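Asks: Below is the structure I would like to discuss, written out as structure tokens.
The values are calculated or read from the model by the stated rules, or taken from the named source; none is laboratory data. Keep in mind that what you see is a predicted model, and the values were worked out from it rather than measured. Positions of Cβ are generated from backbone atoms using ideal geometry, with glycine treated the same way; all protein chains shown enter the neighbour counts.
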Amino acid sequence: MQNFEHAVRAYSADLYRYAWWLCRDRHLAEDLVQETFARAWKSWAELRDVSVAKAWLVTILRNELARSYSRSRPAVDIDNLEESELPALPSFEGDVEIAQMVRLLPETYRQPLLLQVLGGFSCSEIARMLATTEGAVMTRLTRARQALRKQYDVPAEKLKVAK
Amino acid sequence: MNCLDFHRAKLAEPTRLGPEAQSHAAQCAACAAFAHSVDETERDLERALATPVPDGLADRVLLRVHGRRPAWYRWALAASVAIVVAVGLARALYVPAPGDQYARKAIEHVAMEPESLSTVDPTNVEALGELIRASGGTLKAPLGTVRYVRLCPVENGTALHIVFETGQGLATVLIVPGRSLPQTQQQASTSDWNALARAAGHGYYAVVTPSGSRTAQVDRLIRERIDWNA
């Protein structure tokens, strides 16, 4: 019980940001966080290792998001695509803010990037969460950062961070 | 480690460089400069991703989950709960555990993992056979088109979560080795799902479908095509 409250206070902000970047809707993001913890509470007593709680919560949140999307979008199994099947990265030439660039990243690159930067997870932890290999995660993260770094080819005054 | 390996490692996990990569950066000025520039991008990225969090989010989560109220309310509630618990405890001690708990857990598991029903990730018969063998069974004949297989954490162990196509739609089977059922079988239903859990080998399996008749069909199929006595 006390552990659960600590988890809510420790992880709700990170989960909200992760959800927001996936759906970019603050109402849906908060609903997802609320539903995630509501579901987690039902099974909290079965959680033997509190140290994996954050990864578990992220998994629940992803499932909740998939459930909400499944009502309105066709199912796309992004986690199991082969690298060769991944969509091409968009061009980031020009004055594009870094937040905008993250929005433009294909979901298959954005997901692991968000999990690493916002969640602080390692490549192997992300691989488990996305049910893929550590090598695939490393490739996606490398490509995502390569795309973001192209911004650094433009003059420094254009390197703005979205407010 | 060469410079290309270092670039890959730094771009994949900027804050968790291994000792070999750190040693390379200490000896290579170009890679040290590259690492510095990646760190700068990373700081910008962290700032860009730090979208504002609504005030009171954690409190609203706790309020929803626990129905949390002011302290006096909680004390009053706790007192009344204690009385109810004290009165009910003696009775509860003599009430057997619900006879459908494992079937219900299977339904909850499916409900908690909805992507299992939307994901299409075909698995070949040999790979599935290996996983079923590791769970204590022997696959004698194919189950059909298997589109989702995962090892999922469950209470005190791991379950093999399989979703496959039947003539009437999708069926889910959870194989949970090392966890015995108190009865030969259990059944449970909700408004959306029907489940049957059956003792098998050194554990049990549970079938989850939208209806009792389909659950029974899939259960027959499982008994025909998986041998639990090997």
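Asks: Please go through (1) buried (at least 18 other Cβ atoms within 10 Å of the Cβ); (2) assigned to a helix (DSSP H, G or I) for A:Ser124 and return the number of the only condition it doesn't satisfy.
Replies: If we test A:Ser124 against (1) buried (at least 18 other Cβ atoms within 10 Å of the Cβ); (2) assigned to a helix (DSSP H, G or I), just (1) comes out false.
Asks: Out of curiosity, is A:Leu65 within 20 Å of A:Met129 (Cβ to Cβ) and modelled with pLDDT of 90 or more?
Replies: no
Asks: Can you confirm whether the stretch B:207-220 contains a residue that is over 23 Å from B:Ser118 (Cα atoms) and either in contact (Cβ under 8 Å) with a residue 24 or more places away in the chain or assigned to a strand (DSSP E or B) (or both)?
Replies: no
Asks: Taking the stretch B:123-170 as the search range and keeping residues that are in contact (Cβ under 8 Å) with a residue 40 or more places away in the chain and charged (D, E, K, R), which one is nearest to B:Ala206 (Cα to Cα)?
Replies: B:Glu155
Asks: Looking only at the stretch A:127-154, which residues are more than 9 Å from chain B (Cβ to nearest Cβ), buried (at least 17 other Cβ atoms within 10 Å of the Cβ) and either free of Cβ contacts under 8 Å to residues at least 12 places away in the same chain or of a type in the set (A, V, I, L, M) (or both)?
Replies: Result: A:Ala127, A:Met129, A:Leu130, A:Ala136, A:Ala147.
Asks: Take B:Ser189 and tell me if it is under 19 Å from B:Pro114 (Cα atoms) and of a type in the set (S, T, N, Q).
Replies: yes
Asks: Can you find a residue that is within 14 Å of chain A (Cβ to nearest Cβ), touching a residue at least 24 places away in the same chain (Cβ under 8 Å) and in a helix (DSSP H, G or I) anywhere in the stretch B:25-34?
Replies: Yes, there is a match, as at least one residue in the stretch B:25-34 is within 14 Å of chain A (Cβ to nearest Cβ), touching a residue at least 24 places away in the same chain (Cβ under 8 Å) and in a helix (DSSP H, G or I).
Asks: Can you tell me which residue within the stretch B:3-16, out of those that are part of a loop (DSSP other than H, G, I, E, B) and touching a residue at least 12 places away in the same chain (Cβ under 8 Å), is surrounded by the most Cβ atoms within 10 Å (Cβ to Cβ)?
Replies: B:Pro14
Asks: Exactly one of (1) in a strand (DSSP E or B); (2) at positive phi is unmet by B:Gln186. Its number?
Replies: (2)
Asks: Tell me the residue from A:Leu15, A:Leu32, A:Leu57 that is modelled with pLDDT of 90 or more, under 16 Å from the mean Cα position of the chain (by Cα) and farther than 19 Å from A:Ser122 by Cα, please.
Replies: A:Leu32
Asks: Oh, and also: Report yes if B:Asp44 is over 13 Å from A:Thr142 (Cβ atoms), within 14 Å of chain A (Cβ to nearest Cβ), assigned to a helix (DSSP H, G or I) and modelled with pLDDT under 90, otherwise no.
Replies: yes
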